[in-house]
Amino acid sequence: MLEHAKFITTHAPKNDVCPIFSKQVSAKKAVSEATLQITACGLYEAYINAHRVGDAYFTPGWTAYQHRIQVQTYDVTDLLGTENEIRIFLGKGWYASSISRGVYEPQAGPCSVIAALTMTYEDGTRETTVTDESWCYAESGIRYSDIYHGEIFDATVEPKEWKNAVVTEGRHELLIPQEGELVKQTEVIPAVNIFITPKGERVIDFGQEVTGYVCFPTVGKRGEHIVLDHAEVLDKDGNFYNENYRKAKSQVTYIANGNEDGFYHPIFSFQGFRYVRLTEYPTDELYVGDFSAIVVHSDMKRTGHFACSDPMVNRLYQNVIWGQRDNFLDVPTDCPQRDERLGWTGDAQVFCRTAAYNYRVDNFFRKWLHDLACGQLENGAVTWIVPSLDRNAGAFAWGDAATVCPWEMYRAYGDRRILAEQFDSMKKWCDYVYNKGDGPAAWGGEKQFGDWLGLDAEEGSYRGATNDLLLGTAFLAYSCDLVIKAGRVLGEDVASYEARKQEVKDAFAREFINEDGMLTCDTQTAYVIALQFDMVDDKATYASHLADLVRENGNKLKTGFIGTAYIMDALSDNGYADVAYSLLLQKEFPSWLYSVRKGATTIWEHWDGLKPDGSMWSSDMNSFNHYAYGAVASWLYGTVAGIRPDEDQPGYAHVHIKPIPDARLEWAAAELETAYGTIKSGWKKEKDGYRITVTIPSGSTADITIGDTVHTVSAGNYEYILK
């Protein structure tokens, strides 16, 4: 791929100014077809004859650059004339800005670009122009660009002092075709209000927290500045607040050239925001219609929809959707705004099932899982974040993304290739945990995150009260089980993992079940995990106790990242759907609807990110756009509406439909687009019970469970009364 092209850079590749590369190309005959293959160590934006190439942004995306760099291919036939100029802007992006500075360059070289333009003439001959030392470069108007800190664009700068490009030692063996979904501009949201805060600052409200950037008019005399700062929330007094961005400046500066007829938005930096402060603006004349937020994320196809009679639950569901859109920007990030924006494995693991209901995400996760495997340590440990920026690795629930995510993608889409591609990685993770030593002290030890942000944590701690050794042991058993399932699909010998799973379950029983047959750790999360991972035989007693723990806490959660992901299924799958509904519909802190009541438009990192009195949980770790707790949406699809895939016939070739209504809602409905068509399931409360309607698409079959009766059906529309 790009065999004859060379990686080119500048004489000073560490300069903050983004360079622009240029090449003149003549078409000697009539062109029937032309393609541009291009990628970069960094980010690029290409133009031919001043026309932007393609509609993708933040290309070539974020991969483990020391192992893999994606190449994009564009049809540029319509952009060519007889005499042509190719221009390529190069930014540091994830490759070399503050998010990963010093990580990739020592292994894959400086920021650079590589490209090949191939013209096929009408007579069948071809001509290819490649990047090499004959290209020229100059400084562009992008004086600074950084993923965290924003962008500075000087419109007064015109490229000059062109120099010959420098050929650098790029590694062609790292180049791969595009795997994941390209990042696109997916929506434009107009500003809804411009107001003056109590501090006297001018602030724009877009009404929705988004990931992307602001498009604004290029007003001002030559040399005047427009400076925008970004924030998620206002403080309790209504003032602009971005202390929770920590070291991320998240600032955009535009230096005017006197031309007030255009609009501008950043090219190589994105922000997570709802509010924008006009820190500097050349005029007092402000028109709300001049400002818009451009939403940017991986171009996933929307597949799932849910709605019910409760407007607050509907807002919660929309917050989940926005949390996914805002954080699925080429990698599944934890948050889009502060100095983090990383592919945390634990967050991705707990949310991937929900993600696959909401959107078509198999390619998105396939690409990310390939990077997970590339970054996996020699001993099999999975790094905390993917693509990895260091060698921190080995945390249970986080590393289990290696087994959970491939299985959930297979379950949702039925494509065994993802299991085949990741099977070695899945086994290596299980082997790593098991080989740490004999028993729970090793399987759950070392550096762990535990039930992260659990509300039963000790004062000043981020980690919930559930025993790490219990959790680590249960997760090892769960990952062994997923390796067994994947191996059976692939026809692999998994006898050793079957024996290992039983050994781990036996150890769990010895260490964590007391004389009375109950857990030695009496927390909501402990009982959730014991139930969901099949660690105990007496599920009825455990489910009853879990329900009691929830009720005794006022029908409120005490769970963190781990427990929250599974608590609703642990309750409803074991006869306590009414308690799960009580958690869903709870409006007081801590609850999902508490954040909705406080005006959230995305999912919060902390249950009390914004406290009842309007104060902040903290400025240290307080994102208002974290999707992990949005895992509740899989329960809305899978239990409220009752749509679940059959693991033995995955990808919805066969569907399990088992809606569980609750009298506190008047109606609920969901639909899911699959490879076979759209599945629909909904219910409405009536005098004689609940009227349930189901649609099964052509090519699918289903088991529809109504009360104690199972109806096995083929494609069609069905209606039942549940009394």
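The values are calculated or read from the model by the stated rules, or taken from the named source; none is laboratory data. The model shown is predicted, which means the values in this text are computed figures rather than measured ones. In this analysis, Cβ positions are derived from the backbone assuming ideal geometry, glycine residues included, and neighbour counts consider all displayed protein chains.
Annotations for the structure displayed:
Residues checked against (1) at pLDDT 95 or above; (2) part of a helix (DSSP H, G or I); (3) farther than 18 Å from GLU340 by Cβ:
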position: ALA355; (1), (2), (3): yes, yes, yes
position: ASN363; (1), (2), (3): yes, yes, yes
position: ARG366; (1), (2), (3): yes, yes, yes
position: ASP371; (1), (2), (3): yes, yes, no
position: ALA381; (1), (2), (3): yes, no, yes
position: ALA395; (1), (2), (3): yes, no, no
position: TRP398; (1), (2), (3): yes, no, no
position: VAL404; (1), (2), (3): yes, yes, yes
position: TRP407; (1), (2), (3): yes, yes, yes
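- With respect to the stated conditions, ILE567 is within 22 Å of ASP534 (Cβ to Cβ) and either under 24 Å from the mean Cα position of the chain (by Cα) or assigned by TED's automatic domain parsing to the domain that holds VAL233 (or both).
- Selection from the stretch 192-218 of residues that are in a loop (DSSP other than H, G, I, E, B) and either hydroxyl-bearing (Ser, Thr, Tyr) or modelled with pLDDT under 95 (or both): THR197, THR218
- Among residues of the stretch 98-122 being of a type outside the set (Gly, Ala, Ser) and out of contact with any strand residue (DSSP E or B) (no Cβ under 9 Å at 6 or more places or on another chain), the one that is surrounded by the most Cβ atoms within 10 Å (Cβ to Cβ) is VAL103.
- Among (1) in a loop (DSSP other than H, G, I, E, B); (2) at pLDDT 95 or above; (3) of a type outside the set (Asp, Glu); (4) surrounded by fewer than 16 Cβ atoms within 10 Å (Cβ to Cβ) - the single one SER269 does not satisfy: (4)
- Enumeration of residues in the stretch 227-249 that are among the charged types (D, E, K, R), out of contact with any helix residue (DSSP H, G or I) (no Cβ under 8 Å at 6 or more places or on another chain) and surrounded by 22 or more Cβ atoms within 10 Å (Cβ to Cβ): ASP229
- In the stretch 187-216, the residues that are crowded, with 16+ Cβ neighbours inside 10 Å and under 23 Å from PHE365 (Cβ atoms): VAL210, THR211, GLY212
- Qualifying residue in the stretch 40-53 (condition: in a loop (DSSP other than H, G, I, E, B) and basic (Lys, Arg)): no
- Among residues of the stretch 338-364 that are at positive phi, those with a beta-carbon under 8 Å from a residue that is surrounded by fewer than 24 Cβ atoms within 10 Å (Cβ to Cβ) at least six positions away or on a different chain give the pairs ARG341/ILE99; ARG341/TYR148; ARG341/ASP334.
- Only a single criterion out of (1) over 26 Å from LEU482 (Cα atoms); (2) part of a helix (DSSP H, G or I) is not satisfied by ASP569, namely (1).
- All positions within the stretch 634-649 that are among the hydrophobic types (A, V, I, L, M, F, W, C) and in contact with a strand residue (DSSP E or B) (Cβ under 7 Å, 6 or more places away or on another chain): LEU636, VAL640, ALA641, ILE643
- For the stretch 541-549, the condition of being assigned to a loop (DSSP other than H, G, I, E, B) and touching a Phe, Trp or Tyr at 6+ places or on another chain (Cβ under 9 Å) holds for none of the residues.
- The set of residues in the stretch 595-648 being out of contact with any His (no Cβ under 9 Å at 6 or more places or on another chain), at pLDDT below 95 and aliphatic (A, V, I, L, M) consists of LEU610, MET616.
- Filter result for ILE294 (in a loop (DSSP other than H, G, I, E, B), surrounded by 18 or more Cβ atoms within 10 Å (Cβ to Cβ) and touching a residue at least 12 places away in the same chain (Cβ under 8 Å)): no
- Residue in the stretch 255-270 that is out of contact with any helix residue (DSSP H, G or I) (no Cβ under 9 Å at 6 or more places or on another chain) and within 30 Å of LYS611 (Cα to Cα) present: yes
- Residue count, the stretch 250-259 (criterion: surrounded by fewer than 18 Cβ atoms within 10 Å (Cβ to Cβ) and touching a Gly at 6+ places or on another chain (Cβ under 7 Å)): 0
- Of all residues in the stretch 26-38 being surrounded by fewer than 18 Cβ atoms within 10 Å (Cβ to Cβ) and over 34 Å from the mean Cα position of the chain (by Cα), the one that is nearest to ILE69 (Cα to Cα): GLU33
- Evaluating LEU90 against the criteria (1) farther than 21 Å from PHE364 by Cβ; (2) part of a loop (DSSP other than H, G, I, E, B); (3) not basic (Lys, Arg) leaves one unmet condition, (2).
- Residues located in the stretch 675-684, provided they are out of contact with any strand residue (DSSP E or B) (no Cβ under 8 Å at 6 or more places or on another chain) and either at positive phi or not in a loop (DSSP other than H, G, I, E, B) (or both): GLY677
- Extreme residue, surrounded by the fewest Cβ atoms within 10 Å (Cβ to Cβ), among residues of the stretch 480-510 that are closer than 15 Å to GLN532 by Cα and in contact with a Lys or Arg (Cβ under 9 Å, 6 or more places away or on another chain): ASP481
- Residue within the stretch 2-11 that is closer than 21 Å to ARG171 by Cβ and among the acidic types (Asp, Glu) present: yes
- Filtering the stretch 234-276 to residues that are of a type outside the set (Gly, Ala, Ser) and in contact with a Lys or Arg (Cβ under 7 Å, 6 or more places away or on another chain) leaves ASN239, PHE240, ASN244, TYR245, ARG246, ASN257.
- For the stretch 421-450, filtering for residues that are in contact (Cβ under 8 Å) with a residue 40 or more places away in the chain and either in contact with a Lys or Arg (Cβ under 7 Å, 6 or more places away or on another chain) or part of a helix (DSSP H, G or I) (or both) leaves 18.
- Of all residues in the stretch 680-723 being among the hydroxyl-bearing types (Ser, Thr, Tyr) and surrounded by 16 or more Cβ atoms within 10 Å (Cβ to Cβ), the one that is nearest to ILE643 (Cα to Cα): SER681
- Among (1) buried (at least 16 other Cβ atoms within 10 Å of the Cβ); (2) free of Cβ contacts under 8 Å to residues at least 40 places away in the same chain, the one test that VAL71 misses: (2)
- Of the residues making up the stretch 671-702, those that are of a type in the set (D, E, K, R) and under 12 Å from TYR718 (Cβ atoms) are LYS680, ARG691.
- On the stretch given as the stretch 511-530, residues that are crowded, with 22+ Cβ neighbours inside 10 Å and more than 17 Å from ASP468 (Cβ to Cβ) total 0.
Residue by residue, here is whether (1) surrounded by fewer than 21 Cβ atoms within 10 Å (Cβ to Cβ); (2) among the hydroxyl-bearing types (Ser, Thr, Tyr); (3) more than 19 Å from ILE267 (Cα to Cα) holds:
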site	(1), (2), (3)
ALA46	no, no, no
HIS67	yes, no, yes
VAL76	no, no, yes
ALA96	no, no, no
